[in-house]
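Take a look at the structure below.
The values are calculated or read from the model by the stated rules, or taken from the named source; none is laboratory data. For clarity, every value in this text was computed on a predicted model and none was experimentally measured. Because the Cβ atoms are built from the backbone with ideal geometry, glycine has one as well, and the counts that use them run over all protein chains shown.
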Protein chains: 2
Amino acid sequence: MSKKFDLLIAAGEKSALMRYATAFATPDDYLYFRSDEEAGMIVSPLEYGRALSEKRPDVTLYGYDDFPSAADHSLVSLALALARSRNITEFRVPADFPLLMADRLRAAGLRVTPDSGSFFPEREFKREDEIREITQALRLAEDAVRAACRVIAESTVAADRTLCYEGETLTSEKLRGIIDLVLVAGGAQPTGTIAAGGLQSAEPHNPGSGPLYAGTPIVMDVFPRLASSGYWGDLTRTVFKTPPPDRVLAAYRAVREARERCKAMLRPGVIPARVHEEAVRILTEAGFHTGREGDRDFGFFHGLGHGVGLEIHEAPRLAPRATSPLQGGEVVTVEPGLYYPEWGGIRLEDLVVIRPDGAECLTSLEDIAVID
Amino acid sequence: MSKKFDLLIAAGEKSALMRYATAFATPDDYLYFRSDEEAGMIVSPLEYGRALSEKRPDVTLYGYDDFPSAADHSLVSLALALARSRNITEFRVPADFPLLMADRLRAAGLRVTPDSGSFFPEREFKREDEIREITQALRLAEDAVRAACRVIAESTVAADRTLCYEGETLTSEKLRGIIDLVLVAGGAQPTGTIAAGGLQSAEPHNPGSGPLYAGTPIVMDVFPRLASSGYWGDLTRTVFKTPPPDRVLAAYRAVREARERCKAMLRPGVIPARVHEEAVRILTEAGFHTGREGDRDFGFFHGLGHGVGLEIHEAPRLAPRATSPLQGGEVVTVEPGLYYPEWGGIRLEDLVVIRPDGAECLTSLEDIAVID
């Protein structure tokens, strides 16, 4: 008779699934298993004491001594000992389960079935305590962007148009440092803060380097992860020190218009792809086209948004191929952008939760645009 | 005829192998492939521009347009299109290659062979430029611990033995914040800084929480990752505000003695397990035994050290089962510890590189012990 268990082998600090299942973060891999009857985790002696106090109460903690037949204490041996102890014949595992372990479990006669979905589909729909954690991370991002805007406000513009703060050139590196200090002081881990100016801002993922200039976009994309719980926030603002050319300001307004109208569309039953298409339509109608020249894309060439939770990018996506309707409870970014190699890029990103009657905006920071 | 390529599908920010192969960090997965003749990477339009300027020069950059048969742009389709374009019959992949992708590639008729080793075994032996990056991260950790020690020095001891800094109780959280601010200001990502005091320090991985006390151990384990290159540093110091009981000071001295004598043993040809055993012997002879009571270990119950590079824990290990001799060029921690539930723990960790004539210590920070 077949008996199937869920199995995770992962490090709680790296795996959102593991953190979701046990709430216990570790630098090293450990085991989690679940059936209809029980949920358990197996950790090394090094982690046992801390696991006992930090794990979710509904997960039973086991040590290596509970599986004495796994004499070498390897994760595969522990999984095999677990299977023997429960007469397990099949493990359901996540899509990214490590191949070598799967091959070894299969060689020992077990079925190992990778889930083609998100393994814990309920992760897509946030509990109120999760929304609180995400909002807390978002507030930190807002504080950090505010601190950065104050520095830009206090900067002067040198003859060569570079920004100058406290007697020194204001660089992307310095602005990122200011942002990241606020995040760390608030108990979050900054990982890839973007503070990109000028033409660098035409590349959505360029973190930015070198001097910042007046009259060109400064894109700040800030996504802190709370050290305590592992939840992320996500926020992007684009600002200008002194007004940019009219064409750039028109792009800013089009992006803001797209963001606001898309947010207003979001509710249970809506198809994300339709919302993405609406953003494209609004931007195109405003005169900002999307396309490709040589090997570079221009216009609006990334998805409109993505889920945020224990991962910075998770389900659902607001993107051209996202055809499953929203159900309510999702926390997603809404972040249209426009990018042109000639003058740079604009991105404005809010975070919303899908409620029965529409999107509730979690972001409280205003749009700042021109700082004079 | 069989034709075999190496294949990675991973995010450069998360995968040390990918970072090693291409030097290009991304939040999202992309492809890397290598044969005797060529090395290439396939990235999305979103990453193309940045990849062009940041990737290693010896890796050829491809976009999705170069593989038009992968119409859905999924990573599996791209890997299949790559295989068709080069008549590849087998992919060699890392042990942690995602199972679902492997199953899909296998279903399409390809052999997918997980490597049971470290995939790029050359990663274990550091180039001088890698040693420089690791040392730079280590210097930041040293600056951070120095800053923390200054705060402890400037703290007063309240009647209840708690430390008091600038009129407030000094907590693990505050001390960790001081450490992490130094790391961030220096361009590094703090991830799980340990600043654990009193009985919490008896758990090697306890990050610490709540007030810190005089006369008991304060363990600071600091492992920053440089944002620019991805390399880690690792440092642990244990300090006391006012002298601890004699027994605890004796443990401190035994740990320091073990660290120094083990460092002096390290050189090419030495078996790591023998060095670990020597640490156990030194600690035991000093009167500090290792064992287990109930479900808690006490004494010295973790490995003596581990490799450090693009991962904070990587090969080689200095541990009881590590029986392959050192070869030279490895960067490893030497970090004996003693942990007792009655009074807490001591850990002292240096970082060394194995040179032809012995271990060169990369750590420059002194042992501080008692801060009065």
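Every condition in (1) within 14 Å of another protein chain (Cβ to nearest Cβ); (2) closer than 30 Å to A:P325 by Cβ holds for A:A147 except the one numbered (2). So for region A:226-244 (the condition being modelled with pLDDT under 95, out of contact with any helix residue (DSSP H, G or I) (no Cβ under 7 Å at 6 or more places or on another chain) and not polar (S, T, N, Q)), does at least one residue qualify? Within region A:226-244 (the criterion being modelled with pLDDT under 95, out of contact with any helix residue (DSSP H, G or I) (no Cβ under 7 Å at 6 or more places or on another chain) and not polar (S, T, N, Q)), the answer is yes, since at least one residue qualifies.
A quick yes/no check of all residues on (1) closer than 20 Å to B:D372 by Cβ; (2) assigned by TED's automatic domain parsing to the domain that holds B:S155; (3) surrounded by fewer than 20 Cβ atoms within 10 Å (Cβ to Cβ):
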{"residue": "B:D180", "(1), (2), (3)": "no, yes, no"}
{"residue": "B:G197", "(1), (2), (3)": "yes, yes, no"}
{"residue": "B:I218", "(1), (2), (3)": "yes, yes, no"}
{"residue": "B:P224", "(1), (2), (3)": "no, yes, no"}
{"residue": "B:S229", "(1), (2), (3)": "no, yes, yes"}
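With (1) more than 10 Å from chain B (Cβ to nearest Cβ); (2) among the acidic types (D, E); (3) closer than 21 Å to A:G233 by Cβ as the list, and A:D180 as the residue in question, which single condition is left unmet? Of everything listed in (1) more than 10 Å from chain B (Cβ to nearest Cβ); (2) among the acidic types (D, E); (3) closer than 21 Å to A:G233 by Cβ, A:D180 misses just condition (1). Filtered by the rule that a residue be free of Cβ contacts under 8 Å to residues at least 24 places away in the same chain, more than 15 Å from A:A108 (Cα to Cα) and surrounded by 17 or more Cβ atoms within 10 Å (Cβ to Cβ), region A:59-78 gives A:L61, A:Y62, A:G63, A:Y64. Would you be able to tell me the number of residues in region A:245-273 that are surrounded by fewer than 16 Cβ atoms within 10 Å (Cβ to Cβ) and of a type in the set (K, R)? Final tally of qualifying residues: 3. In a loop (DSSP other than H, G, I, E, B), more than 10 Å from chain B (Cβ to nearest Cβ) and buried (at least 20 other Cβ atoms within 10 Å of the Cβ) - does that describe any residue in region A:9-20? Yes, region A:9-20 contains a residue that is in a loop (DSSP other than H, G, I, E, B), more than 10 Å from chain B (Cβ to nearest Cβ) and buried (at least 20 other Cβ atoms within 10 Å of the Cβ).
Here's the yes/no breakdown for (1) within 11 Å of another protein chain (Cβ to nearest Cβ); (2) under 26 Å from B:G230 (Cα atoms):
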residue	(1), (2)
B:G269	no, no
B:R274	no, no
B:A279	no, no
B:E285	no, no
B:F288	no, no
B:E293	no, no
B:R296	yes, no
B:G305	no, yes
B:R317	no, yes
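Here region A:108-119 is the region considered, the condition is being closer than 15 Å to B:D103 by Cα and either of a type outside the set (D, E, K, R) or in a helix (DSSP H, G or I) (or both), and the residue that is nearest to the other protein chains (Cβ to nearest Cβ) is A:P114. Scanning region A:53-81 for residues that are in contact with a helix residue (DSSP H, G or I) (Cβ under 6 Å, 6 or more places away or on another chain) and part of a strand (DSSP E or B) yields a total of 1.
Look at region B:79-106: where a residue is at the interface with chain A (Cβ under 10 Å from one of its Cβ atoms) and free of Cβ contacts under 8 Å to residues at least 12 places away in the same chain and a partner is in a helix (DSSP H, G or I) and small (G, A, S), sitting 6+ places away or on another chain with Cβ atoms under 7 Å, you get B:L99/A:A102. Which of the residues spanning region B:197-235 are within 14 Å of chain A (Cβ to nearest Cβ), under 30 Å from B:E13 (Cα atoms) and not in a loop (DSSP other than H, G, I, E, B)? B:V219, B:D221, B:V222, B:R225, B:L226, B:W232 - these are the residues of region B:197-235 that are within 14 Å of chain A (Cβ to nearest Cβ), under 30 Å from B:E13 (Cα atoms) and not in a loop (DSSP other than H, G, I, E, B).
Do we find a residue being surrounded by fewer than 21 Cβ atoms within 10 Å (Cβ to Cβ), assigned by TED's automatic domain parsing to the domain that holds A:R150 and aromatic (F, W, Y) anywhere in region A:325-344? Within region A:325-344, one or more residues are surrounded by fewer than 21 Cβ atoms within 10 Å (Cβ to Cβ), assigned by TED's automatic domain parsing to the domain that holds A:R150 and aromatic (F, W, Y).
Each row is one residue, and each column tells you yes or no for (1) under 17 Å from the mean Cα position of the chain (by Cα); (2) outside the structural domain of B:Y339 (by TED's automatic domain parsing); (3) among the hydroxyl-bearing types (S, T, Y).
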position	(1), (2), (3)
B:L140	yes, no, no
B:T171	no, no, yes
B:V184	no, no, no
B:H205	yes, no, no
B:G210	no, no, no
B:V248	no, no, no
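Would it be correct to say that B:E173 is acidic (D, E), in contact (Cβ under 8 Å) with a residue 60 or more places away in the chain and either part of a helix (DSSP H, G or I) or at the interface with another protein chain (Cβ under 10 Å from one of its Cβ atoms) (or both)? It is false that B:E173 is acidic (D, E), in contact (Cβ under 8 Å) with a residue 60 or more places away in the chain and either part of a helix (DSSP H, G or I) or at the interface with another protein chain (Cβ under 10 Å from one of its Cβ atoms) (or both). Among the residues examined, A:A25 qualifies as buried (at least 19 other Cβ atoms within 10 Å of the Cβ), in contact (Cβ under 8 Å) with a residue 60 or more places away in the chain, within 13 Å of chain B (Cβ to nearest Cβ) and aliphatic (A, V, I, L, M). Do we have B:T60 as touching a strand residue (DSSP E or B) at 6+ places or on another chain (Cβ under 6 Å), facing chain A (nearest Cβ under 10 Å) and hydroxyl-bearing (S, T, Y) here? So B:T60 fails the test.
The residues in region B:21-52 that are within 24 Å of the chain's Cα centre (by Cα) and assigned to a loop (DSSP other than H, G, I, E, B) can be counted, and the count is 6.
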